[in-house]
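Note sheet for the following structure.
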Amino acid sequence: MERMEHGERMALENFPKELAAKIREGKAAGLSDEQLVDGIINLGDVLAKFVKPDSPEEALLKEMWRMATPAEKRTMAGLVLRLGSKVVH
């Protein structure tokens with residue numbers, strides 16, 4: 001998989017494949033679904049803190065993440081994992 005250059009954005013249509021590749025890498029390294037969800041939550045926290053939304057949809061997602069309780073973030077992260085796992089299989 002190619003690395004993204006600084007400032008380059010992943011195309012939305014490539015997201016499920018990229019997500020699936022990262023899930024495969026994590027599982028190959030021995031990570032459990034719980035550990036993958038924890039990583040997704042940490043990534044979501046970093047993105048929400050440091051990335052400026054480029055679209056109204058991204059702004060909405062950022063605001064939803066900001067307002068979410070820890071349990072809600074875990075639910076959203078679990079859905080991201082499920083989306084990526086669906087592409088894997």
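The values are calculated or read from the model by the stated rules, or taken from the named source; none is laboratory data. As the structure is a computational prediction, the values presented were derived from the model and not from experiment. Virtual Cβ from ideal backbone geometry, glycine too; neighbours counted across all protein chains shown. Ligands, DNA and RNA are excluded from the accessible area calculation, which covers all protein heavy atoms including side chains. Shrake-Rupley method; radii C 1.70, N 1.55, O 1.52, S 1.80 Å.
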Rounded accessible area of E57 (nearest 10 Å², 1.4 Å probe): 130 Å²
Read phi for every residue in the stretch 30-38 and hand back ³J(HN,Hα) as whole Hz from Karplus 6.51 cos²θ - 1.76 cosθ + 1.60, θ = phi - 60°, with x for Gly and Pro. x, 6, 7, 4, 4, 5, 5, 4, 4
Can you give the Rg to Rh ratio for the stretch 20-82, taking only C-alpha atoms and Rh from Kirkwood? 1.01
Which pairs, out of K22/K86; K17/K73; K17/K86, put more than 19 Å between their alpha-carbon atoms? K17/K73
Tally Lys and Arg at +1 and Asp and Glu at -1 over the other residues with C-beta under 12 Å from the C-beta of A59: what net charge comes out? -1
